[in-house]
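Have a look at the structure below before the remarks.
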Amino acid sequence: MVDELGSTNITDLVNEEDTDINDDMVDKILNDSCEDLFCLNTILNQCKLPLLVFIIVLLFNNPIVTDILSDTISNLIKNKTINNYISLFIRATISAILAYIIKYFDLI
């Protein structure tokens, strides 16, 4: 009677060609999903530093920071135009140094 039912061994019941096709399809689906994720991650990684620089520049162009630098520099130099340019140069230099440090140490 057992011979009439055939083999109940799992390896005999599984068709190897079907499993190969299924494995290929699963691999393709996973690879496609990973490629999309890698693309999204690449875009996010490329946009991190420019966004960080944008935020730093906005913070350093805050009127409070600008006034503090201008007042400090005006004690040294009496020409208001030169004070504004020196203040801008100092803020730009600090922003560039912060962006470089963050990029150098891979903080983002």
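Among all residues of the stretch 63-84, there is at least one that is closer than 26 Å to Ile108 by Cα and out of contact with any strand residue (DSSP E or B) (no Cβ under 6 Å at 6 or more places or on another chain). Of the candidates Asn62, Asn83, the single residue that is more than 20 Å from the chain's Cα centre (by Cα), surrounded by 11 or more Cβ atoms within 10 Å (Cβ to Cβ) and free of Cβ contacts under 8 Å to residues at least 12 places away in the same chain is Asn62.
In the stretch 86-108, the qualifying residues are those that are charged (D, E, K, R) and in a helix (DSSP H, G or I), and the one that is nearest to the chain's Cα centre (by Cα) is Lys103.
Bear in mind these aren't lab numbers, they're just calculated from the coordinates by the rules spelled out. The structure presented is a predicted model; accordingly, all values stated were derived computationally and were not measured. We place every Cβ from the backbone using ideal geometry, glycine too, and count neighbours over all the protein chains shown.
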